[in-house]
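Asker: Pasting a structure below so you can have a look.
The values are calculated or read from the model by the stated rules, or taken from the named source; none is laboratory data. Quantities reported herein were computed from a predicted structural model and do not represent experimental measurements. Every residue, glycine among them, receives a Cβ derived from its backbone with ideal geometry; neighbour counts consider all protein chains shown. All accessible areas refer to the heavy atoms of the entire protein, side chains included, with ligands and DNA or RNA removed. Shrake-Rupley method; radii C 1.70, N 1.55, O 1.52, S 1.80 Å.
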Amino acid sequence: MTNSLRIIQVGLGGWGWSWTQVVLDSPHWELAAVVDINQELLNKACQYYQINPKTAFNSLSEAVKEVEADAVLILVPPDYHANIALEAFEHGLHCIVEKPLAGTLEDCKKIVEVAERSGCNIMVSQNYRFKRAPQTVKKVIEQNVIGELGSVYINFQKSPDFTGFRTEMDEPLIIDMAIHHFDQIRGILGLEPVSVKAHSWNPTWSSFKGNAVASVVFEMSNGAVVSYTGSWVSRGWETTWDGDWRIQGEEGEILWANNEVTVTPHDVFKSVFMQGAIEKNGKLEVSLVDLQLEERLASLQEFAESIHENREPETSGRDNLNSLAMVLGAVQSAKTGEKVYIEDVLAAVKREEITQ
């Protein structure tokens, strides 16, 4: 394994369980150790993934004493992200963390600032950016095929049978799911938000204690408006996890749905040919771009390359504060019923007094 780095995985429960196989499959990383407070789960992981029990620990502090590592993969619930990350930075270890960056605004800023002081990279695994369909959309937008964006309509509908901390959250849909879509608004569409107005609710059949449905409207810096509707308790109506997107500009529309990308040019003369697309009935079906790796494997690739190249990763903690501000602004708006300005949310982050 050429130039591979070594990573300690902290957290094996829920989503963390599937991450172990992703790390084992990564050409950029070797699994140095696994950590979980649940000894029974550790034993199960060692047996299932054929991990040496000598590299399984109940705490990060135990692991760093026994194994050599370059980084830590943090997969515990959000309220514990900061404690693990700060301990990792003390040992000079880079961190990649599952979204959200942390459970509170104060912890998010603390993680970012301590990482910078420690000279360590902090990356949020916004893995939805690193897939063929969104990267194809990004390419079409960068080629200016539909001109400047003016209106975006996003619809997300799912009904997952979750248990655990998500079911206890006040705003599970906005905080734990919409962060992916909000981050794609910035990372794929290249739009930055100015304000947000949100409304959220919880249907009577919902198994969530908090609001599992939301309608959110963002005003963007270029004057565009993004309208987002999402549900985690949909009845019958299902989209992919990316959702269905209609992205409209002066010169046409991009439809991104079901992992397919279709461009409908406003000018009939532009519908005849587009490199990398097939014309059908006045619409251009765009071939998805080729990616060496996708999803979480691609997140790990970007993390490794940022360390090798001594640069900030694409979805760094610092950059992610801007996506997180969209989430926090939406939550605040849903609570108060008022429009919230993103600069005020970011200012609140900056005002936080950080102590290590």
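Asker: What are the residue pairs meeting all of these: first residue in segment 107-119, first residue in contact (Cβ under 8 Å) with a residue 60 or more places away in the chain, second residue assigned to a helix (DSSP H, G or I) and charged (D, E, K, R), Cβ atoms under 7 Å, and 6 or more apart or on different chains?
Answerer: Val112/Arg318
Asker: If we only count helices (runs of 4 or more DSSP H) wholly inside segment 244-356, which ones have 2 or more residues that are modelled with pLDDT under 95, in contact with an Asp or Glu (Cβ under 8 Å, 6 or more places away or on another chain) and under 30 Å from Ala82 (Cα atoms)?
Answerer: In segment 244-356, the matching helices (runs of 4 or more DSSP H) lie at 317-336.
Asker: Quick check, is Thr239 surrounded by fewer than 18 Cβ atoms within 10 Å (Cβ to Cβ) and either part of a loop (DSSP other than H, G, I, E, B) or not hydrophobic (A, V, I, L, M, F, W, C) (or both)?
Answerer: Here the answer is no, as Thr239 does not meet what is asked.
Asker: All but one of (1) open to solvent by 40 Å² or more (accessible area, probe 1.4 Å); (2) at pLDDT 95 or above; (3) not in a strand (DSSP E or B) hold for Ser207; which doesn't?
Answerer: Unmet for Ser207, out of (1) open to solvent by 40 Å² or more (accessible area, probe 1.4 Å); (2) at pLDDT 95 or above; (3) not in a strand (DSSP E or B): (2).
Asker: Would you confirm, using the coordinates I've provided, whether Ala198 is modelled with pLDDT of 95 or more, open to solvent by less than 40 Å² (accessible area, probe 1.4 Å) and over 19 Å from the mean Cα position of the chain (by Cα)? Don't jump to the end; show me each part of the working.
Answerer: Details: modelled with pLDDT of 95 or more: yes; open to solvent by less than 40 Å² (accessible area, probe 1.4 Å): yes; over 19 Å from the mean Cα position of the chain (by Cα): yes.
For Ala198, the condition - modelled with pLDDT of 95 or more, open to solvent by less than 40 Å² (accessible area, probe 1.4 Å) and over 19 Å from the mean Cα position of the chain (by Cα) - is met.
Asker: Condition first: surrounded by fewer than 16 Cβ atoms within 10 Å (Cβ to Cβ) and either under 17 Å from the mean Cα position of the chain (by Cα) or part of a helix (DSSP H, G or I) (or both). Now tell me which residues in segment 130-164 satisfy that.
Answerer: Hit for segment 130-164 is Glu142, nothing else.
Asker: If you scan segment 303-351, which residues turn out to be farther than 19 Å from Glu116 by Cβ, surrounded by 14 or more Cβ atoms within 10 Å (Cβ to Cβ) and among the β-branched types (Val, Ile, Thr)?
Answerer: Within segment 303-351, Val327, Val331, Val340, Ile342, Val345 qualify.
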